[in-house]
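To start, the structure under review is shown below, and the notes come after it.
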Amino acid sequence: MRLACVSDGVVVNVIEAQDRPDWAADWPEAGDAAPGWTWDGTSFAPPAETASVPEEISILQVMILVGEERWSAAEAVAADPALPWALRATIRQAGSPLVRGSETMDALAWLLDLTPEEVDRIFAAGTQVLA
């Protein structure tokens, strides 16, 4: 049997087990579900298609899309020498490409206080900004 670990309505892990472990007593049977699928308490649904979201956009595109106030706040934080040098350098390189799912993009998303959904929307919209 396949069991799904669900957190906040989203599958975060799927395990295969012959018998249900005690610690997975409340995990629903996963069927075809995989990490990233949603669970409404009754059924699973696959994640929305992200095929139209590009894998790479520029920092300048992100700057334009998040706006001056949010980017300025990120720049202020990035001036902190305690922040990794590579991230500080990335913020200063507006023409540089950003790759979805990269450590740099994850750190920048954290710095800009962006959810994964907001990152996807920015990457999708980025193709329309200075493409």
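The values are calculated or read from the model by the stated rules, or taken from the named source; none is laboratory data. Not measured: the values here are computed from a predicted model. All Cβ positions, glycine included, derive from the backbone under ideal geometry; neighbour counts span all protein chains shown. SASA here: full protein model, heavy atoms, side chains in, ligands and nucleic acids out. Shrake-Rupley method; radii C 1.70, N 1.55, O 1.52, S 1.80 Å.
Being of a type in the set (A, V, I, L, M), open to solvent by less than 60 Å² (accessible area, probe 1.4 Å) and farther than 17 Å from GLU55 by Cβ holds for only one residue in ILE91, ILE122, and it is ILE91.
Taking the numbered list (1) assigned to a helix (DSSP H, G or I); (2) open to solvent by less than 80 Å² (accessible area, probe 1.4 Å); (3) under 25 Å from PRO35 (Cβ atoms); (4) not basic (Lys, Arg) in turn, ALA86 passes all entries but (3). The single condition among (1) in contact with a Lys or Arg (Cβ under 7 Å, 6 or more places away or on another chain); (2) more than 30 Å from CYS5 (Cα to Cα) that PRO84 does not satisfy is (1). Do we have LEU65 as out of contact with any strand residue (DSSP E or B) (no Cβ under 7 Å at 6 or more places or on another chain), open to solvent by less than 70 Å² (accessible area, probe 1.4 Å) and in contact (Cβ under 8 Å) with a residue 24 or more places away in the chain here? So LEU65 fits the description; yes. If you go through the range 45-52 one residue at a time, do you hit one that is surrounded by 15 or more Cβ atoms within 10 Å (Cβ to Cβ) and either in contact (Cβ under 8 Å) with a residue 60 or more places away in the chain or of a type outside the set (Gly, Ala, Ser) (or both)? The answer is no, given that none of the residues of the range 45-52 is surrounded by 15 or more Cβ atoms within 10 Å (Cβ to Cβ) and either in contact (Cβ under 8 Å) with a residue 60 or more places away in the chain or of a type outside the set (Gly, Ala, Ser) (or both).
Among the conditions (1) of a type outside the set (A, V, I, L, M, F, W, C); (2) within 17 Å of the chain's Cα centre (by Cα); (3) at pLDDT 90 or above; (4) at negative phi, the only one that GLY9 does not satisfy is (4).
The criterion of being buried (at least 18 other Cβ atoms within 10 Å of the Cβ), at pLDDT below 85, more than 22 Å from VAL10 (Cβ to Cβ) and touching a strand residue (DSSP E or B) at 6+ places or on another chain (Cβ under 7 Å) holds for ILE59. Reported count of residues in the range 51-84, each being under 16 Å from the mean Cα position of the chain (by Cα) and of a type in the set (Gly, Ala, Ser), is 2. For the range 27-66, a residue qualifies if it is among the hydrophobic types (A, V, I, L, M, F, W, C) and in a helix (DSSP H, G or I), and the qualifying residues are ILE59, LEU60, VAL62, MET63, ILE64, LEU65, VAL66.
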